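The values are calculated or read from the model by the stated rules, or taken from the named source; none is laboratory data. Since this is a predicted model, take the numbers as computed values, not measurements. Ideal geometry is used to build each Cβ from the backbone, glycine not excepted, and the neighbour counts take in all protein chains shown.
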Amino acid sequence: MTNKAGSKPAYELLGLRASEYDDICSRLGREPSYVELAIFSLMWSEHCGYKHSRPLLKGLPVGGDCILQGPGENAGIIDIGDDFAIAMKIESHNHPSAIEPFQGAATGIGGIVRDIFAVGARPIACLDPLHFGSLAKARQRFLLEGVVAGVAAYGNCMGIPTIGGEIHFEDSYEDNCLVNVMCVGLVRHGGILKASASGEGNLIFLIGSATGRDGIGGASVLASAEFDETAEEKRPTVQVGDPFTEKKLLEACLEMRDRGLLVGLQDLGAGGLSSSASEMASKGGAGIDLDISRVPLREKGMEPFEIMISESQERMLACVEPHNEDSVNEVCARWDLDATVVGQATASGRLRIFNAGELIGDMPVAALVDEAPTYVVEPLRPSHEVDEPLGEDRYPQPADLNQTLLTLLASPNICSRRWVWQQYDHMVQTNNALWPGGEAAVLRIKGQKRGVAFTTDGNGRRCYLDPRRGARAVVAEAARNLACVGARPLAITNCLNFGNPEKGGIYHQFKEAVAGMREACQALGTPVTGGNVSFYNESFGKAIYPNPVIGMMGLVEDVSRIQTHAFKDEGDAVLLLGGARPAVDGSEYQLRIHGEVAGRIPDVDLELEKKVQSLVREAIIKGLAKSAHDVSDGGLACCLAESAIAGGIGAAIELDSSRRPDILLFGEAPGLIVITTAAASLEPLLELADGLPLKQIGRTGGGRLSINAGGAALVDVPLAQIKRAWEASLEAIVAGNDAPAGS
Amino acid sequence: MSTLPQTETRTVRFGVVIFPGSNCDADSHDAVGTFAAAAARYLWHKDTGLDGLDCVILPGGFSYGDYLRSGAIARFSPIMEAVTRFAADGGLVIGICNGFQILLESGLLPGAIHRNQALKFVCRLVSLRVENATTPFTNKYNQGQVIRVPIAHMEGNYFIDAPGLASLEQHKQIVVRYCDESGSATKEANPNGSLANIAGVCNREGNVFGLMPHPERVCDPVVGGADGRGVFASIINSITQART
């Protein structure tokens, strides 16, 4: 094997181990050519080959009555009845966004949107969970602004509403921001496309943008190693997005689908042509011959390996029967898109690369796609994970609980996200049944009574303290969010963000989190339809909080019977549902007020959770619940404040005094929901609860939020004051001013 | 806003232009479809035939990606020649958001658009005051009525020179202005810095209307409101009136 760059062997420069290189040689029966080695290095990268995750992911539940397509295709597909189905997928674009936030985020959207229309679905929404370091630092504000602008630029131009997501700020993401992107699409059952190439002699079309040197080894290289001081030099590996071309590509592909012109369709993402062609051949049980001399190029003098691994954006690969060649050309010409026959399907089971007729690569498809080596690492439980929760008296009690509430409401993790979602077109396509900022997004299906609901959830801090409990809690919270709008959860997609899995501590976190996710998905009946693993979110040896992010979809039977978290009327009963016992461990209160992340988070009772969620859903559908809000970051006090702010109505609350006031107000535990109901509905609601923990804790009304316990006033603040603290915070921080907490 | 009786056939014919990069074409098409008296068909940007149409809609979106000034390329589309003739013959033309920008670029409406004052894309519900309820696009509203309609744009900051503004005022060509919920056109209620809180203008003849807000997005209470129905109801009303 010739050595292109001096002392190190070529395989090592491409990120392969010596044992992997030997493995490749034995599969080929010879040493690989450089173009072959480059292709193997991509396909066997962590990003494409799932080398550290595959063995563990096998344990996740994937089947279900409504699952039309599980993991393995470009997106999962869920049946929602009457011939309609939802395609969904979440992915990470963490590493590119950390280097170039605008283009990193924009091309993240572009990639996930292509995954959705590759399965034949029309993208109907995006949701974007984002995690950054503390906004006190200018670089983090730069990253936030860039990422939000990038999401907006791409999604808005495509005409796909961004309807949800979440944003968290923790120091642990300072050098490795998380930019996860989720897209969902709508498809009729008959319109579903597979990413397969089959039928000997069928044509392989490359459609869309020309291929350039941009993003050579971008996603796969960036996502398969830790960052160090050379990160800045990797900027050229970040691709540049062109949403206009992608919009044309979307319309042309769906038109070709409608006209039955496509045998299979696959997007070009990480790994470029190498990955797309070999995966199409693999799924079709076929082979593909490619002639790279036919690939339209952006610049002269590109090497064969560069053409094969380029990650230029806005390209699709289609398998087409020869008699449809003219029709494909006609549709693409009408949309002013390049469409070029670059190869054909074969029965060889091999990916063969030609350059103007000369064979320059010949590899078994199975070796590329299915046979990347897997690694199991000895897990090592980190010392910060403890068995016992913290004692209740670990921290001093704040003297002024009103001020504590205002500080928490102004926390970047709790305050209004309006500054973000106003930059996203969240209404285009006119299906939005709820405005952003609530528990979950709900879209109607035009012409149908039903709708679909979506949410994303992640909580790295909890997973850091206990990855198994944390993952169980995250899945349960996503389902609870859907229940709180009146939806029935059907399935999840996941984006697993972790550090370097070669280290025992990280491998432990990953293994435990996957186990927790499995338990919760099984208990709640929400199988996994696919997703993405993002490892090596680590810089200078310091990893992010382990963060399995869940995207969940649910079904709404009647879109006119949904609910928001806003208080609706004066004089409604306020009730607390659920039996969880709040704790300070891992809470926003612990971090923000006491400056610590420690202890052991409470576990979620999944059996009770399931019952609590169906109760809240039933209550909404029957019209008994006039608002529902999950108790989450900032505890019960912040939950009540948010509902009061959203409704413009205060509340008077009376709690029992068995706990320390600060934990009563701001402690967190998964499984609690605040609901309101009209006085006349109180009895029927309690009857419906049928013994589940549900009790009245107060009444809505007035212009203040007051919370008493055992006769003592804990909190008593005017609504206008909490509204100001919650609303103005993010805008002020981004503008470089201090948060007006409590001012 | 009431619709015409269901017994009416769909006699008022709308055409919705699809430029490459349009993304509110389907929304406009679907909004028209909720009116019993109206039907919509799509028009391809390379087409030139507008036969049999009563009203042409230039929808929102990012025509040609809007990598250049918004609407600056779309104005050269073959269909824009046909639209210009159609307007000269008195046909009704409405441009929404990017469609408004295209009408400005093509000279069918006076003025120009700057980038939003805050330099950010903004998507939210705003209040609009109907300044002229006598146009073919607003006759089902009351003069001075305040309606809630969403905006979604990066470049909606309308501008015209002083004589141009005076002329707009004089000929009642300012059709809608941004206002607060009580109807005052205050600086705070202006979401993009547009001159004199202008949200939409018509030509002097009154048959070409452009606006930044999206009435097609609020034609169904299920998705957040129905205040936009008046625009389509007005068009249908004026077409049917003209026929009788």
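Data overview
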| item | result |
| --- | --- |
| Residue ID - farthest from A:Ser45 (Cα to Cα), chosen from residues in region A:15-24 that are hydrophobic (A, V, I, L, M, F, W, C) and surrounded by 14 or more Cβ atoms within 10 Å (Cβ to Cβ) | A:Ile24 |
| Odd one out for A:Ala441 among (1) modelled with pLDDT under 95; (2) within 19 Å of A:Cys639 (Cα to Cα) | (1) |
| Of the criteria (1) within 14 Å of another protein chain (Cβ to nearest Cβ); (2) closer than 30 Å to A:Ile506 by Cβ, which one A:Pro436 fails | (2) |
| In region A:479-506, the residues that are over 30 Å from A:Glu226 (Cα atoms) and either buried (at least 24 other Cβ atoms within 10 Å of the Cβ) or without any contact (Cβ under 8 Å) to a residue 40 or more places away in the chain (or both) | A:Ala479, A:Arg480, A:Asn481, A:Leu482, A:Ala483, A:Cys484, A:Val485, A:Gly486, A:Ala487, A:Pro489, A:Leu490, A:Ala491 |
| Number of positions in region A:301-316 that are more than 20 Å from A:Val119 (Cβ to Cβ) and surrounded by 16 or more Cβ atoms within 10 Å (Cβ to Cβ) | 10 |
| Residue count for region A:440-462, restricted to those that are facing another protein chain (nearest Cβ under 10 Å), of a type in the set (Gly, Ala, Ser) and in contact (Cβ under 8 Å) with a residue 60 or more places away in the chain | 1 |
| Region B:12-66, subset on the phi > 0 side of the Ramachandran plot and at pLDDT below 95, residue farthest from the other protein chains (Cβ to nearest Cβ) | B:Gly52 |
| In region A:129-175, residue farthest from the other protein chains (Cβ to nearest Cβ) [restricted to those that are among the charged types (D, E, K, R) and touching a strand residue (DSSP E or B) at 6+ places or on another chain (Cβ under 6 Å)] | A:Asp175 |
| Region B:92-110 - residue that is small (Gly, Ala, Ser) and in contact with a helix residue (DSSP H, G or I) (Cβ under 6 Å, 6 or more places away or on another chain) and, of those, surrounded by the fewest Cβ atoms within 10 Å (Cβ to Cβ) | B:Ser106 |
| Extreme residue, nearest to the other protein chains (Cβ to nearest Cβ), among residues of region A:235-246 that are part of a helix (DSSP H, G or I) and at pLDDT 65 or above | A:Phe244 |
| Residue list for region A:690-713, filter: crowded, with 19+ Cβ neighbours inside 10 Å and out of contact with any Gly (no Cβ under 9 Å at 6 or more places or on another chain) | A:Gly698, A:Ala709 |
| Where A:Leu719 falls short, out of the listed (1) surrounded by 18 or more Cβ atoms within 10 Å (Cβ to Cβ); (2) within 30 Å of A:Gln140 (Cα to Cα) | (2) |
| Qualifying residues in region B:13-52 (those that are in a loop (DSSP other than H, G, I, E, B) and under 17 Å from the mean Cα position of the chain (by Cα)) - the one nearest to A:Asn431 (Cα to Cα) | B:Cys24 |
| Strands (runs of 3 or more DSSP E) contained in region B:93-164 and holding at least 2 residues at pLDDT 95 or above and within 14 Å of chain A (Cβ to nearest Cβ) | B:122-130, B:146-153 |
| Residues being part of a loop (DSSP other than H, G, I, E, B) and surrounded by 23 or more Cβ atoms within 10 Å (Cβ to Cβ) - total across region A:565-591 | 8 |
| Scan of region B:53-73 for residues that are within 15 Å of B:Val93 (Cβ to Cβ) and outside any loop (DSSP other than H, G, I, E, B), ordered by number | B:Cys55, B:Val56, B:Ile57, B:Leu58 |
| Number of positions in region A:177-193 that are away from every other protein chain (no Cβ under 14 Å) and touching a Phe, Trp or Tyr at 6+ places or on another chain (Cβ under 7 Å) | 4 |
| Only one of B:Ala82, B:Ala88 that is at pLDDT 95 or above, touching a Leu at 6+ places or on another chain (Cβ under 9 Å) and over 19 Å from B:Pro215 (Cβ atoms) | B:Ala82 |
| Residue among A:Gly551, A:Gly634, A:Gly647 that alone is surrounded by 24 or more Cβ atoms within 10 Å (Cβ to Cβ), modelled with pLDDT of 95 or more, in contact with a Phe, Trp or Tyr (Cβ under 8 Å, 6 or more places away or on another chain) and more than 19 Å from A:Gln403 (Cα to Cα) | A:Gly551 |
| All positions within region A:317-359 that are surrounded by 19 or more Cβ atoms within 10 Å (Cβ to Cβ), β-branched (Val, Ile, Thr) and away from chain B (no Cβ under 14 Å) | A:Val320, A:Val328, A:Val342, A:Thr346, A:Ile353 |
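This table checks each residue for (1) more than 14 Å from chain B (Cβ to nearest Cβ); (2) farther than 30 Å from A:Lys449 by Cβ; (3) touching a strand residue (DSSP E or B) at 6+ places or on another chain (Cβ under 6 Å).
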{"site": "A:Tyr375", "(1), (2), (3)": "yes, yes, no"}
{"site": "A:Pro382", "(1), (2), (3)": "yes, yes, no"}
{"site": "A:Val386", "(1), (2), (3)": "yes, yes, no"}
{"site": "A:Arg394", "(1), (2), (3)": "yes, yes, no"}
{"site": "A:Leu405", "(1), (2), (3)": "yes, yes, yes"}
{"site": "A:Pro412", "(1), (2), (3)": "yes, yes, yes"}
{"site": "A:Tyr424", "(1), (2), (3)": "no, no, yes"}
{"site": "A:Asn431", "(1), (2), (3)": "no, no, yes"}
